[in-house]
């Protein structure tokens, strides 16, 4: 599943293709993804100019000139591609007859006034889209309960210590709780805990204070490095295929069961455990 760095990379790839430009044609090719599309989805987007593209947690927020926001969650397999538009096809039916069918799982296709075409493809259809009215973000069901952004100043050791005070859940679960900190996923939590030397099994309340001063910078460093890796491995955040936001990364902890710990002063071996149905990878030698 795309996590915060991948979603940020997608946003950075979409901005040069969309911001400042009008959505001249919108083709919604099915009635639903994970959830039904909102009523009037195509009509609300078509003809509007994109003013900005932001990220909140794992959500992409495409802001339109009339104050509405097009919200996108990529789910497990959602992806955007950017390519040339205006490809004719006599077999395409629906809202925008005349477009090429494209790939089987191309569910939303947008053409911009520049001639570029932005396509949302989602084979498993776990992603979803919604429309937020002007001044509606504060009450949006998608966004209202999200905690602070992990790369913001609002996420700091004092704030996080207070948030986990008294919590008996494992620290791994606490970090994945979007109400405590927004946007973290399984991979980057494993990486941050490895860097901070904290076991994923440790009770969250015991991390408050001294351990939080190690963990919070580790979270920020891991996310910053992953976003930078996306920018370096994808030229301008776009692959040669036009796909946005996916890149190769060398993990220190994730998916390294049985491998030697990469920490220079540690002779431990990485292990895998399952917590709440998710794999946790860590080194029992230095992560306590």
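The values are calculated or read from the model by the stated rules, or taken from the named source; none is laboratory data. Model, not experiment: these values are computed from the prediction. Backbone-built Cβ (ideal geometry, glycine too); neighbour counts: all protein chains shown.
Below, the figures for the structure above:
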| read-out | value |
| --- | --- |
| Some residue of the range 198-216 being within 29 Å of residue 77 (Cβ to Cβ), modelled with pLDDT of 95 or more and touching a helix residue (DSSP H, G or I) at 6+ places or on another chain (Cβ under 9 Å) | yes |
| Of residues in the range 62-78 being touching a helix residue (DSSP H, G or I) at 6+ places or on another chain (Cβ under 8 Å) and surrounded by 18 or more Cβ atoms within 10 Å (Cβ to Cβ), the one farthest from residue 178 (Cα to Cα) | 64 |
| Checklist (1) at pLDDT below 95; (2) within 25 Å of residue 123 (Cβ to Cβ); (3) surrounded by fewer than 18 Cβ atoms within 10 Å (Cβ to Cβ) applied to residue 35, failing item | (1) |
| Given (1) in contact with a strand residue (DSSP E or B) (Cβ under 8 Å, 6 or more places away or on another chain); (2) farther than 17 Å from residue 150 by Cβ; (3) surrounded by fewer than 21 Cβ atoms within 10 Å (Cβ to Cβ); (4) touching a residue at least 40 places away in the same chain (Cβ under 8 Å), index of the condition residue 18 fails | (3) |
| Condition check for residue 143: in contact with a helix residue (DSSP H, G or I) (Cβ under 9 Å, 6 or more places away or on another chain), surrounded by 17 or more Cβ atoms within 10 Å (Cβ to Cβ) and within 22 Å of residue 274 (Cα to Cα) | no |
| Of all residues in the range 21-38 being out of contact with any strand residue (DSSP E or B) (no Cβ under 8 Å at 6 or more places or on another chain) and assigned to a strand (DSSP E or B), the one that is nearest to residue 238 (Cα to Cα) | 32 |
| Test for residue 150: is it at pLDDT 95 or above, over 20 Å from residue 279 (Cα atoms) and buried (at least 19 other Cβ atoms within 10 Å of the Cβ) | yes |
| Residue match in the range 227-240 (condition: modelled with pLDDT of 95 or more and either farther than 22 Å from residue 180 by Cα or over 18 Å from the mean Cα position of the chain (by Cα) (or both)) | no |
| Residue among 155, 160 that alone is within 24 Å of the chain's Cα centre (by Cα), at pLDDT 95 or above and surrounded by fewer than 23 Cβ atoms within 10 Å (Cβ to Cβ) | 155 |
| Residues within the range 103-139 that are outside any strand (DSSP E or B) and surrounded by 18 or more Cβ atoms within 10 Å (Cβ to Cβ), tallied | 2 |
| Any hit, the range 220-240, residues being surrounded by fewer than 18 Cβ atoms within 10 Å (Cβ to Cβ) and not in a helix (DSSP H, G or I) | yes |
